[in-house]
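Here the structure is laid out as structure tokens; the discussion comes afterwards.
The values are calculated or read from the model by the stated rules, or taken from the named source; none is laboratory data. Because the structure is a prediction, the values reported are computed rather than measured. Backbone-built Cβ (ideal geometry, glycine too); neighbour counts: all protein chains shown.
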Amino acid sequence: MHELGTLAGQVPGLTFSPFAPGQNIVALRGVSSNDDGAGTDNSVAVFVDDVYLGRVSNHQSEMYDVDRVEVLRGPQGTLYGKNTIGGAINIISSRPNTSALDIRATADFGNYQRRNFSALVTGPISSGWAGKLVVSTREQTGG
């Protein structure tokens, strides 16, 4: 899964569609908003590692190293605060590996000159400390 739009095909009641260049509409069970004005917020809140993404144009985060995605339908104001009348999507990244060095890489090639590369390096740095570096790129230039 590379992006939030891919998740929409796997979660019942979740739709993710482009509204305008750089603007996306996220809807849960039909509840959404497509106004991107300065004083408005989305009806479905998206969080990445408990950090709120305030604008729909920010919902293109790369999802290469994700531990899990939580989709909560319906009003979530008690858990996540205001502006979650439609629901909340919580993307949780995996934690660094504290016990051993872990190196992963993937490469995908496809039609229309598509090239996807992703790599991850994680492991212990010192006693009680670990680090992680994730790099991902997607490119499609043809047709």
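Please work out which one of (1) surrounded by 11 or more Cβ atoms within 10 Å (Cβ to Cβ); (2) not assigned by TED's automatic domain parsing to the domain that holds GLY9 is the condition GLY128 fails and give its number.
Among (1) surrounded by 11 or more Cβ atoms within 10 Å (Cβ to Cβ); (2) not assigned by TED's automatic domain parsing to the domain that holds GLY9, GLY128 violates only (1).
Would you say ALA100 is out of contact with any Cys (no Cβ under 8 Å at 6 or more places or on another chain) and closer than 28 Å to VAL46 by Cα?
Considered against the rule, which asks whether it is out of contact with any Cys (no Cβ under 8 Å at 6 or more places or on another chain) and closer than 28 Å to VAL46 by Cα, ALA100 comes out as no.
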